[in-house]
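Input: a single structure, listed below in structure tokens.
The values are calculated or read from the model by the stated rules, or taken from the named source; none is laboratory data. Here the structure is a predicted model, which is why all the values come from computation and not from measurement. With ideal geometry, Cβ positions are generated from the backbone for all residues, glycine too; neighbour counts draw on all protein chains shown. In case anyone asks, the SASA skips ligands and DNA or RNA and just uses the protein heavy atoms, side chains included. Shrake-Rupley method; radii C 1.70, N 1.55, O 1.52, S 1.80 Å.
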Amino acid sequence: MADAEIAGVAVRVFTPVDMRADAPVLLNLHGGGFLVDSGSITENAAVAGLTGYRVVAVRYRLAPEHIFPAAVDDALAVYRALLAERPARRIGLYGTSAGAILAAELVARVRSENLPQPAALGFFSGTADLTRPGDSISLFLDPASVAALVALYAGTRDPADPLISPGRGPLAGWPPTLCLTSGRDFLLSATADFCRALDAAGVPSN
């Protein structure tokens with residue numbers, strides 16, 4: 001692992017010792033509730049080792065000092081830099097929890113700016129609609145606390161805006177997406193809802 005900067009944004013780069021010269025690159029957006037970095041190392045070291053792909057983890061600006069779209073702006077700057085080096089079909093994108101939300105928001109932003117989309121999205125325990133928490137939230141958390149976090153992250157932006165809640169926007173043509181959750185995940189419902197919406201839009205998703 002090496003700490004670095006890409007396009008002026010702090011990143012962590014994981015380069016396997018046996019990486020192929022033509023290997024794709026994976027772009028990660030870490031979890032942490034938008035407030036802390038809880039995964040830029042733990043989410044990526046094993047992925048790089050198991051896949052043999054280079055992983056670039058974006059250490060995006062955090063709330064509450066930096067509200068939406070600061071983190072997405074950082075992710076987009078790094079994505080643009082990667083696009084300058086390789087075709088989009090050689091870039092994969094993934095994130096967990098807040099990182100999954102940000103990854104979906106990055107795809108929405110890329111689409112809004114008519115940039116080439118990443119080859120695939122890994123959407124791991126997230127939500128694509130910040131206007132509704134999903135049923136499973138109430139089993140594990142106080143929905144009011146989740147609403148407060150959304151308000152902290154969104155600032156003055158309407159959570160119904162498809163750039164912050166991509167599931168409320170057009171999904172046809174969205175990149176193939178792997179949705180992962182678990183039986184005790186407070187974002188189980190939200191993850192499943194997004195996967196069903198992608199299915200309904202004809203997007204290859206699992």
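Helix 143-154 versus the longest principal axis of the chain: what angle, 0 to 90°, nearest 10, using Cα atoms?
Approximately 50 degrees, to the nearest ten.
Antiparallel versus total DSSP beta bridges in the chain: what percent is that, nearest 5?
Bridges in the chain that DSSP calls antiparallel: roughly 30 percent.
Loop sites only, by DSSP: take the GluC sites (Glu not before Pro) in the chain that have at most 16 other C-beta atoms within 10 Å and name the longest stretch containing none of them.
114-206
What percentages make up the Cα-Cα pair-distance distribution of the range 42-162 when the bins are 10 Å wide from 0?
Taking all Cα pairs of the range 42-162, the binned fractions are 12, 42, 32, 13, 1 percent.
Let me know the Rg and Dmax you get for the chain when you use only its Cα atoms, in Å.
Using the Cα atoms of the chain, the pair Rg, Dmax is 15.9, 49 Å.
With a probe of 1.4 Å, find how much accessible area the chain has per residue, and write the answer as a whole number in Å².
Per-residue accessible area for the chain comes out at 45 Å².
With a cut-off of 8 Å between alpha carbons and a minimum separation of six or more residues, what is the relative contact order of the range 13-120 in percent?
32
Sort largest first and round to whole Å: the equivalent ellipsoid semi-axes of the range 1-108, each the square root of five times a Cα gyration tensor eigenvalue.
Square roots of five times the eigenvalues give 22, 15, 12 Å.
Please work out the C-alpha center-to-center distance from the range 99-158 to the range 1-50 and express it in whole Å.
20
Report in % the part of the accessible area of the range 13-140 that belongs to carbon and sulfur, leaving out ligands and nucleic acids; probe 1.4 Å.
Ligands and nucleic acids excluded, carbon and sulfur give 56 percent.
Using only Cα atoms and rounding to the nearest 10 degrees, what angle (0 to 90) does helix 98-112 make with the longest principal axis of the chain?
That works out to roughly 80 degrees.
Against the longest alpha carbon principal axis of the chain, how many degrees, from 0 to 90 and to the nearest 10, is the axis of helix 188-200 turned?
Roughly 70 degrees, rounded to the nearest 10.
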